[in-house]
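This report refers to the structure that appears directly beneath it.
The values are calculated or read from the model by the stated rules, or taken from the named source; none is laboratory data. In this text the structure is predicted, and so the values were computed from the model without any measurement. Don't worry about glycine lacking a Cβ; one is built from the backbone with ideal geometry, like all the others, and counts go over all protein chains shown. Note: accessible area is taken over every heavy atom of the protein model, side chains too, but ligands, DNA and RNA are not part of it. Shrake-Rupley method; radii C 1.70, N 1.55, O 1.52, S 1.80 Å.
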Amino acid sequence: LEDRVFNPILKREAYSVAKRLKSDLNQIFKFARKRKLITYNPVEDVDVPTPPKKNHPAIIEPRDLTELVRAVWGYGQLHQRSLITTQIAMKLSLLIFQRPGEIRQLKKVHYYQKEHCLKFISSKTKQEHIVPLSRQAMELIDSIINLYPESEYIFIGRDGKSYISDNTMNKALERLGFAGKHTVHGSRATARTILDEILNQRVEHIEHQLAHKVKDHNGTAYNRTKFLEQRREMMQAWADYLEGFLESRGEADQ
């Protein structure tokens with residue numbers, strides 16, 4: 001079972017696929033064993049390794065970011081069979097620079113349209129995290145929020161039920177020519193660097209928006225509402241900055 005089923009999956013480093021497969025097969029074999037259809041559960045001997053930690057390549061130069069933004073916004077035209085949810089998720093990942101899993105698993109209940117923000121439990125701090133949304137980010141979410149009315153999730157995959165897989169957006173970036181240059185998680189480093197060095201935003205505002213624990217005079221702390229208005233202004237400034245790359249392309253094409 002391990003050689004024929006799991007090793008081919010692990011060779012392509014699809015660790016999450018192997019983990020889900022092991023869980024599903026384990027339930028099947030446990031059921032069969034309970035019904036005395038088998039005497040041994042072979043999945044119990046399968047060892048799915050923890051994926052090795054990798055650095056997340058990230059673009060941190062404005063010139064390279066220009067190329068990235070234009071490529072991501074043009075992905076749907078280049079790959080017309082790609083899911084609209086994938087296209088929107090890629091754009092949103094640049095606009096709000098949250099952790100990839102948090103973006104993929106966004107639920108409709110996390111979207112507070114009247115408050116212009118997202119609210120969800122941060123996978124890192126385990127506390128509620130508030131993400132102020134720019135005008136551009138809200139337009140993206142609004143464009144697909146009702147695409148799958150029966151689903152609780154926003155970014156639905158090809159099965160029409162569950163959210164997109166953990167490799168979907170990175171594979172899209174590879175198709176665009178950014179393999180080894182940029183990942184979805186790398187967008188966090190991109191935003192942190194350019195917001196600080198180019199847009200002159202305060203580091204503590206950026207760190208809170210990244211849902212990092214920020215050291216203050218009382219020690220290390222995280223406060224979901226701290227600097228909220230300043231972060232709201234920062235997120236709009238960031239979205240406008242990225243949008244400027246698209247507008248400059250339009251002017252060049254004329």
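General remarks:
- Single residue of segment 53-64 satisfying the filter (of a type in the set (D, E, K, R) and assigned to a helix (DSSP H, G or I)) that is farthest from Tyr15 (Cα to Cα): Arg63
- When residues of segment 193-203 are limited to those that are free of Cβ contacts under 8 Å to residues at least 24 places away in the same chain and not in a loop (DSSP other than H, G, I, E, B), the one surrounded by the most Cβ atoms within 10 Å (Cβ to Cβ): Asp196
- Flag for Thr66 being more than 26 Å from His212 (Cβ to Cβ) and under 14 Å from the mean Cα position of the chain (by Cα): no
- Residue satisfying condition, being open to solvent by less than 50 Å² (accessible area, probe 1.4 Å) and either assigned to a helix (DSSP H, G or I) or among the acidic types (Asp, Glu) (or both), within set Ser151, Ser187: Ser187
- Among residues of segment 68-79, those that are open to solvent by 40 Å² or more (accessible area, probe 1.4 Å) and assigned to a helix (DSSP H, G or I), counted: 4
- Residue ID - modelled with the lowest pLDDT, chosen from residues in segment 1-14 that are farther than 20 Å from Asp166 by Cα, assigned to a helix (DSSP H, G or I) and open to solvent by less than 80 Å² (accessible area, probe 1.4 Å): Glu2
- Residues of segment 206-229 include at least one that is in a helix (DSSP H, G or I), at pLDDT 90 or above, more than 25 Å from Ile59 (Cβ to Cβ) and open to solvent by less than 80 Å² (accessible area, probe 1.4 Å).
- The one condition in (1) surrounded by 15 or more Cβ atoms within 10 Å (Cβ to Cβ); (2) closer than 21 Å to Arg135 by Cβ; (3) touching a strand residue (DSSP E or B) at 6+ places or on another chain (Cβ under 8 Å) that Gln105 fails to fulfil: (2)
- Figure legend. Inter-residue proximity from segment 161-180: first residues open to solvent by 50 Å² or more (accessible area, probe 1.4 Å), second residues part of a strand (DSSP E or B), beta-carbon distance below 7 Å, spacing 6+ or different chains. Indicated pairs: Tyr163/Tyr153; Tyr163/Ile156.
- The one condition from (1) over 22 Å from Glu174 (Cβ atoms); (2) outside any loop (DSSP other than H, G, I, E, B) that Asn146 does not meet is (2).
Residues checked against (1) assigned to a helix (DSSP H, G or I); (2) surrounded by fewer than 13 Cβ atoms within 10 Å (Cβ to Cβ):
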{"site": "Ser16", "(1), (2)": "yes, no"}
{"site": "Leu21", "(1), (2)": "yes, no"}
{"site": "Arg33", "(1), (2)": "yes, no"}
{"site": "Glu44", "(1), (2)": "yes, yes"}
{"site": "Pro51", "(1), (2)": "no, no"}
{"site": "Thr66", "(1), (2)": "yes, no"}
{"site": "Arg81", "(1), (2)": "no, yes"}
{"site": "Thr85", "(1), (2)": "yes, no"}
{"site": "Ile88", "(1), (2)": "yes, no"}
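- Selection from segment 114-144 of residues that are under 13 Å from Ile88 (Cβ atoms) and surrounded by fewer than 15 Cβ atoms within 10 Å (Cβ to Cβ): Glu139, Asp142, Ser143
- Every pair of residues 6+ apart whose Cβ atoms lie under 9 Å, when the first sits in segment 1-23 and is more than 20 Å from Thr168 (Cβ to Cβ) and touching a residue at least 24 places away in the same chain (Cβ under 8 Å) while the second is among the hydrophobic types (A, V, I, L, M, F, W, C) and not in a helix (DSSP H, G or I): Leu1/Val46; Glu2/Val46; Phe6/Val46; Phe6/Val48; Lys22/Val46; Lys22/Val48
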